[in-house]
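S.K.: The structure that follows is given in the form of structure tokens.
Please treat every number below as a calculation from the coordinates, not as lab data. All figures in this text were calculated on a predicted structure; none of them were measured in a lab. Note: ideal-geometry Cβ built from the backbone for every residue, glycine included; neighbour counts use all protein chains shown.
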Amino acid sequence: MDGERMFSLVKKLDFVRLSGTQGEKRASEIIRAECERLGVNADIETFATLDGVVSETKLEVTAPYIKSYSAAGYLRSASIDAELPLVYAEDGLEGNLCDVRGKAIILNNPVNKKNYAALIKAAPACVLTGDGDCFDREDESDLAPGMLRPSFADAFEERLCTVTLRKRDLFELISRGASSVRVKVVSRDTENTSRNVTAFIPGGELPQEIICFTAHMDSVRFSHGCYDNASGSAIMLEIMRHFALNPPRRSMRFIWTGSEERGLLGSRYYVEAHADEVARTCLNINLDLAGCAAGHEFAIVTGPKELTAYFDEMMKREGFAVETKTDIYSSDCVSYADKGVPAISIGRAGARGMSYIHDRRDTIDFVSAAALKKTASIAYTFARQIDAASEMPFERKIPEDIVKKIDEYLLRKETNKK
């Protein structure tokens, strides 16, 4: 595993790669070219994604003081133009939401799949949330809007009006006792085209058995996503290079997914569109978060405990220090585990204050070739030994407790209650 070679691909992907944009398209073309330079044919598969455009957002406190604030409407937010009483609803517990119908409320946390149903029931006219922290300087931070994702918002006929402020401004509203606001949001739903890049190396002895590698290539708004996840994309290419030069016993599928940051959309599209292939897939190796110079290695198995034990024993035998556990991981591995395919996510957790994700600070400055090599060596060692095994050392099954967590993650319980 060549750390400098992987680092060079991270450099090539050092730009914003937001779902459905020209940045994501450019990344897909770079990755396809890299695959074909290795002599491996690669395809770009397109799929539609739901998105939104907010053309105008205004927020002004009207009592007990008057002041306008920079704000950004959530993508796919409801539109509004009204003056509203304002209530601080803290964490949005039942007691916080008992008398907020038709009012604007402040929440400590973003609007997301965990709280959306409760907010719809409480029926505030507008929800204000914060981005960043109170110490951010305006010229060193971005006001990133959230998104009311179809996966949870479209389970309801109503759509919330939701607005993001900088955390320091949100705190000022709270600390100064803002009690009335005028809010204007002009929003509309749109549709974009996202992409997956796929490559395949056929197995020489057991071609019917497939090991699938995934790594998402998209980033969030304002972020170059070098840690999350140009790093995993580079590691996967390096592993593919090895198997292109040393043909595997089992077939190998490589998928650089698009729109992972919008709810695993690329991998969820792929497993539905390629059901026959997924039925022959015996393992998913997911690479998401790696390369941070300061951090530690981790592996999360979304599958049988036998796989966790097998991986953990191998890492100790090979001399790798890896924190290993059985759980779900918010990444493309969930899409495969949901189809009954055991999955393992291998990556590097960044040290606090020395690595950043989902904002403008996720840059190449915090990524190193040495760290990329460390994670890549772990993933490669595991993949090589799995491929060499006479038979898979674990069953193709997902334990019931993990199935339950996947269902909760994918909101099946809430959707059934619609």
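S.K.: So between ARG137 and ALA349, what do we pick up on full extension, going 0.36 nm a residue minus the alpha carbon distance? Don't skip to the answer; put the middle values down first.
M.R.: Numbers: separation 212, 0.36 × 212 = 76.32 nm, distance 2.63 nm.
This chain segment gains 73.7 nm when fully extended.
S.K.: For an R0 of 51 angstrom, estimate the FRET efficiency from the Cβ-Cβ distance between GLU83 and ASP407 and round to the nearest 0.05.
M.R.: On the way: r = 42 Å, r/R0 = 0.82.
Efficiency for this residue pair is about 0.75.
S.K.: For THR190 and LEU245, what is the calculated FRET efficiency with R₀ set at 41 Å and r taken between the beta-carbons, to the nearest 0.05?
M.R.: Numbers: r = 43 Å, r/R0 = 1.06.
The pair THR190/LEU245 has a calculated efficiency of 0.40.
S.K.: Would you grab the residues whose amide H sits under 5 Å from the one on PHE298? Only those 5+ places off in sequence or on another chain, please, with H modelled 1.01 Å from N.
M.R.: Residues meeting the criterion, in which the H sits 1.01 Å from N, are GLU323, GLY347, ARG348, ALA349.
S.K.: Still on this structure, I have one more. Grab the DSSP H runs of the chain that are 4 residues or longer, score each as -39,500 (n - 2.57), total them, divide by all residues and round the 222 nm result to the nearest 500 deg cm²/dmol.
M.R.: Calculated mean residue ellipticity at 222 nm is -9000 deg cm²/dmol.
S.K.: Separate question: Antiparallel DSSP bridges in segment 24-142: what percent, to the nearest 5?
M.R.: Among the beta bridges of segment 24-142, antiparallel pairing accounts for roughly 35 percent.
S.K.: Helix 400-409 versus the longest principal axis of the chain: what is the Cα-based angle in degrees, 0 to 90, to the nearest 10?
M.R.: 40 degrees
S.K.: Continuing with the same structure: Going by alpha carbons, how many degrees (0 to 90, nearest 10) lie between the helix axis of 22-37 and the longest principal axis of the chain?
M.R.: 0 degrees
S.K.: Report the FRET efficiency, 1/(1 + (r/R0)^6), for ILE174 and ASP327, where r is their Cβ-Cβ distance and R0 is 30 Å, rounded to 0.05.
M.R.: 0.30
S.K.: Of ALA155, ALA343, ALA376, which is the most mobile in a GNM of the chain whose springs link Cα atoms less than 10 angstrom apart?
M.R.: Among ALA155, ALA343, ALA376, the largest mean-square fluctuation in the Gaussian network model of the chain belongs to ALA155.
S.K.: Pairs of alpha-carbon atoms within less than 8 angstrom and 6+ residues apart define the contacts here; what relative contact order does segment 58-187 have, in percent? Each step should come with its number before you reach the end.
M.R.: On the way: 280 pairs, mean separation 55.9, N = 130.
Relative contact order comes out at 43 percent.
S.K.: Give a quick list of trypsin sites (Lys or Arg not before Pro) in segment 133-179 that DSSP marks as loop, anything other than H, G, I, E or B, with at most 14 other Cβ atoms within 10 Å.
M.R.: ARG137, ARG176
S.K.: Sticking with the crude label model, points 7 Å out along Cα→Cβ, report the distance from THR46 to ASN109 in nm, one decimal please.
M.R.: Result: 3.8 nm between the two label points.
S.K.: Next up: Where in segment 119-224 are there chymotrypsin sites (Phe, Trp or Tyr not before Pro) that are in a DSSP coil and have at most 12 other Cβ atoms within 10 angstrom of their Cβ? Can you show the working numbers first?
M.R.: Values: sites: PHE135, PHE152, PHE156, PHE171, PHE200, PHE213, PHE222; in loops: PHE135, PHE156, PHE222.
Passing both the DSSP loop test and the Cβ count: PHE135.
S.K.: Sticking with this structure for a sec: Taking the simple approach of a point 7 Å from Cα along Cα-to-Cβ for both ASP276 and ARG360, what is their distance in nm?
M.R.: So the label points at ASP276 and ARG360 sit 4.9 nm apart.
S.K.: Working from Cα positions, state the angle (0 to 90°, nearest 10) between the long axis of helix 231-245 and the longest principal axis of the chain.
M.R.: Orientation of helix 231-245: about 20 degrees from the principal axis.
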